[in-house]
Amino acid sequence: MLTQAFPQSLVDEVLAETGRVQQRNRLLPARLGVYFVLAMCLFSGQSYEEVARLLTAGLQGARRRRTSWVVPSTAAIWKARSRLGVAPLRQLFARVCRPVATPDTQGAFYRDWRLTAIDGTTFDLPDTKANVEAFGRPPRSGRGEQDVGYPQLRMVGLVECGTHAVFDAAIGALRTGEGVPAAP
């Protein structure tokens, strides 16, 4: 399913354009790293190893290998994601994500106008000093707490009504209101 939405040739183009093509053969090459991050969205409740196993369940048959593929450890997956970075995924999103409604999609159009909405949300981030400095923490409740919750980022998305497809997005620090990332 992922290769239909994100063809291997497109993923390879994006990796080349962002300079993220692997320099040597690894257990989790760059292309598979991209598909892994996308699969994490589909299987968000699963561990790294389980997502990798689910993603590559058909790998043995597809590659016609005699030996089975070994699922990388959590540390190896983390290192592969760090090498990959965000640039390829950001570019892939920009090239692929588009409104998907047809004129027959209920609630997607008013006369000739495509209906869209701006919607915002926040995401918890790992509790690191860099994330706190870049994005901030939720506000304190006034009861004297020093560090409240995990650092969070604010995301504002342009969403197609009728399908709920997010086809543009911006992120910013938690301290910014939704209007700041949404500004043109």
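Close amide H contacts of D168 (hydrogens built in the peptide plane, cut-off under 5 Å, sequence separation of 5 or more or a different chain): L158.
Between the listed residues P126, A52, P72, the Cα displaced farthest toward the positive end of the dipole of the chain, a dipole computed from Cβ unit charges relative to the Cα centre, is found at P72. About its Cα centre, the dipole of the chain is roughly 880 debye, where the only charges are +1 on Lys and Arg Cβ and -1 on Asp and Glu Cβ.
Structure remark: mean-square fluctuation, Gaussian network model of the chain, C-alpha springs under 10 Å; the largest value among D119, D147, D168 belongs to D147. Relative to a virtual label point 7 Å from the Cα of V166 in the Cα→beta-carbon direction, which members of segment 99-115 show backbone nitrogen distances below 15 Å? Within reach of a label on V166, which here means backbone N under 15 Å from a point 7 Å along Cα→Cβ, segment 99-115 contributes 99. For segment 148-163, the Karplus equation 6.51 cos²θ - 1.76 cosθ + 1.60, evaluated at θ = phi - 60°, returns couplings of 9, x, 7, x, 9, 10, 9, 10, 10, x, 9, 10, 7, 5, x, 10 Hz by residue, with Gly and Pro reported as x. Between A117, A130, A76, the residue with the greatest mean-square fluctuation in the GNM of the chain (Cα pairs under 10 Å linked by springs) is A130. Anyone know which of G162, G45, G136 comes out most mobile in the 10 Å Cα GNM of the chain? It is G45. For the chain, with all protein chains in place and a probe radius of 1.4 Å, 53% of the accessible heavy-atom surface sits on carbon or sulfur. Summary: within the chain, the longest segment free of trypsin sites (Lys or Arg not before Pro) located in DSSP loops with at most 14 other C-beta atoms within 10 Å is 67-110. One quarter of the surface of the convex hull around the alpha-carbon atoms of the chain equals 14.4 nm², the direction-averaged projected area.
A helix-only calculation puts the chain at -10500 deg cm²/dmol for mean residue ellipticity at 222 nm, using -39500 (n - 2.57) for each DSSP H run of at least four residues, averaged over all residues.
Quick one: net charge around A173, please, counting Lys, Arg +1 and Asp, Glu -1 for every other residue with C-beta under 11 Å from its C-beta. Intermediate results must be reported in sequence, preceding the final value.
Details: positive: R137, R154, R175; negative: E133.
Once positives and negatives cancel, what remains is +2.
The values are calculated or read from the model by the stated rules, or taken from the named source; none is laboratory data. Predicted model only: the values in this text are computed from it and were never measured. In this analysis, Cβ positions are derived from the backbone assuming ideal geometry, glycine residues included, and neighbour counts consider all displayed protein chains. The area values use the complete protein model at the heavy-atom level, side chains included, leaving out ligands, DNA and RNA. Shrake-Rupley method; radii C 1.70, N 1.55, O 1.52, S 1.80 Å.
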